[in-house]
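Comments concern the structure below.
The values are calculated or read from the model by the stated rules, or taken from the named source; none is laboratory data. What you are looking at is a predicted structure, and each value in this text was computed from that prediction instead of being measured. Glycine gets a Cβ as well: all are built from the backbone with ideal geometry, and neighbour counts include every protein chain shown. Surface areas here come from the heavy atoms of the whole protein model, side chains and all, with no ligands, DNA or RNA. Shrake-Rupley method; radii C 1.70, N 1.55, O 1.52, S 1.80 Å.
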Amino acid sequence: MPIRVPDPADLPALRALERAAGEPFRALGMASIADDEPPPLTLLAEYQRAGRALAAYDSGRPGEPPHGYLLWDRIDGCAHIEQVSVHPERARRGVGRTLIDRAERECGLPALTLTTFADVPWNAPYYTRLGFRQLTAAELTPGLRAVRAHEAELGLDHWPRVCMRREATGSGGAQPI
């Protein structure tokens, strides 16, 4: 599956993809997450121009809509996955893993971090299978504490959340557990 920085013309499709990826949260009683507005085009364009947006495609041909995407920031010397979303029709096919592994290879940083819902099956349990581990409160860096504080302001703490980290393997993939 081709993974690349999305073209500017693909950015509206990322917003549509995000809306579709949010729908499964509704079945878990998390309607406000399902209804959350996707990142605005201006923000997606910033990630795209900085090379910190990746999108997954079937063939990579121009005009083909992406079926998954990832955004990352540099926080405290690590690549922090801000968002990874996969269209529900493409779930459980390795799209998320491929995007994460590619981000690891391209960022060249010692580790990946993320924040996620603890009890949502396609969140913390999924990332654990990809080699991420939950961080203790003492392990949180200043940047991760700031991310968590912002999430709390947005009301995301209505459901349990965790910070997770995966050390870079050099191969762009999780080490066997």
Counting DSSP beta bridges in segment 38-177, what percent are antiparallel, to the nearest 5? 90
When the helix-only estimate is applied to the chain (DSSP H runs of n ≥ 4, each -39,500 (n - 2.57), divided by the residue count), what is the mean residue ellipticity at 222 nm, nearest 500 deg cm²/dmol? -9500 deg cm²/dmol
Accessible area per residue, 1.4 Å probe, Å², for segment 58-120: what's the number? 46
In a solvent-free Debye calculation with one equal scatterer on each Cα, what is log10 I(q)/I(0) for segment 18-177 at q = 0.16, 0.17, 0.18 Å⁻¹, listed in the order of the q values? -0.97, -1.11, -1.27
Out of TRP159, PRO66, GLN83 - ranked by how far each Cα lies towards the positive end of the dipole of segment 49-177, with unit charges on the beta-carbon of charged residues - the top one is PRO66
Is the shape of segment 18-76 best called rounded, prolate or oblate, per the rule: a/c under 1.5 gives rounded, else a/b larger than b/c gives prolate, else oblate, with a ≥ b ≥ c the square roots of the Cα gyration tensor eigenvalues? oblate
Might you report the magnitude of the Cβ-based charge dipole of the chain about its Cα centre, with Lys and Arg at +1 and Asp and Glu at -1, to the nearest 20 debye? 520
From highest to lowest solvent-accessible area (probe 1.4 Å; ligands, DNA and RNA excluded), VAL95, VAL84, VAL5 read VAL5, VAL84, VAL95
State the percentage of accessible surface on segment 1-79 attributable to carbon and sulfur atoms; use a 1.4 Å probe and exclude ligands, DNA and RNA. 55
What is the gain in length, in nm to one decimal, between ASP157 and ALA118 on full extension, counting 0.36 nm per residue of separation less the C-alpha to C-alpha distance? 13.0 nm
